[in-house]
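The numbers here are math on the coordinates, done by the rules we state, and not lab data. Quick caveat: nothing in here was measured; it's all calculated off a predicted structure. Methodologically, a virtual Cβ is constructed for each residue, glycine included, from the backbone with ideal geometry; neighbour enumeration extends over all protein chains shown.
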């Protein structure tokens, strides 16, 4: 779960990491009275906003209002700006980079720090980047911060501030179930203080049940995809004519590939997952029907998901939604004979192999 900058800074503020004073604006009436120079920053889940015109500087009331007007509702690399962050302008002396990121191959967090901040870390020469693996059982220790400070040639004052920020940033990483916490740039002000001018926080999707206060609408998802997400389904809208329901991400992807190979165009990706619940199957049909396909293909390899349960769910969906579109089913695995008998009794075509079902549904979709 990738958080907006303002959300990341709210978390930083809670943990005592210095951030600029600011507020979020969603409409022009939210703009407060101008008191000092500010930065107006578009809130989108993409980097490189400045290069794309997504950041404005305001040194007057007029510039502030114009900056907000220009950004709200604008599109940056295909994403619509619905919020902007207005915050105090910082008197920048130097920019640093610091992050804790999950290294999946090492199965542990790694500290990354550099005196060359304000740019993509990938563009910084390796000899200017400090990295240190953090033992997840032992956690962060101050000696790591001292090593990083020495590598970055920080003076005594900056080193003390930097190490304090590192300790707090690691707490954010650990306690907020993060995969990445990044400050770029971490700014040294003309007054000699360190402050987080930006915040990038990515939380583990599987931990979100512990963070019910975090609510983000992914701007890249369609309304139907958002509905599916709220109901717990992996669902993606596509531009074809054949609705797809399968169990398991791998089988669903293979189904889409096989459809394309046979000149069929999938209307969606829907992974039913492992279930033995008729209503989950019925609700999956509800989503696919809203995508308005010409025909529906159900591809089930029964294991945890019982084939007869899916068959009963398909029959229930057909009756509840009065489906007249062609439905073709591939059933294989646990209780597949019973499942195919249920479908046959209700006038629904089914096959034991995927290719048979795909060839049939492509033909029916072409005739629809």
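Just a few scattered comments:
- Helix 336-345 vs. the chain, principal-axis angle (Cα, 0 to 90°, nearest 10): 60 degrees
- Spin-label pair residue 321-residue 51: with each label point 7 Å from Cα along the Cα-Cβ axis, the two points sit 4.3 nm from one another.
- The chain: angle of helix 278-290 to the longest principal axis, Cα-based, in degrees nearest 10: 80 degrees
- 0 to 90° range, to nearest 10: angle between helix 61-71 axis and the chain longest Cα axis: 30 degrees
- 26 Å tail of the calculated P(r), segment 223-367, as % of Cα pairs: 11 percent
- Note on segment 113-172: Rg/Rh from Cα positions, Kirkwood definition for Rh, rounded to two decimals, is 0.97.
- Annotation: the antiparallel percentage among DSSP beta bridges lying fully within the chain is about 75.
- Mean separation of Cα contacts under 8 Å, 6 or more apart, over the residue count of segment 97-194: relative contact order %: 34 percent
- Fluctuation leader among 109, 125, 37 - the chain, Gaussian network, Cα springs under 10 angstrom: 125
- In plain terms, if you count all Cα to Cα distances in the chain and split them into 10 Å steps from zero, the share in each step is 5, 20, 22, 17, 17, 13, 6, 1, 0 percent.
- In the chain, the calculated helix contribution to ellipticity at 222 nm averages -10500 deg cm²/dmol per residue, counting -39,500 (n - 2.57) for every DSSP H run with n ≥ 4.
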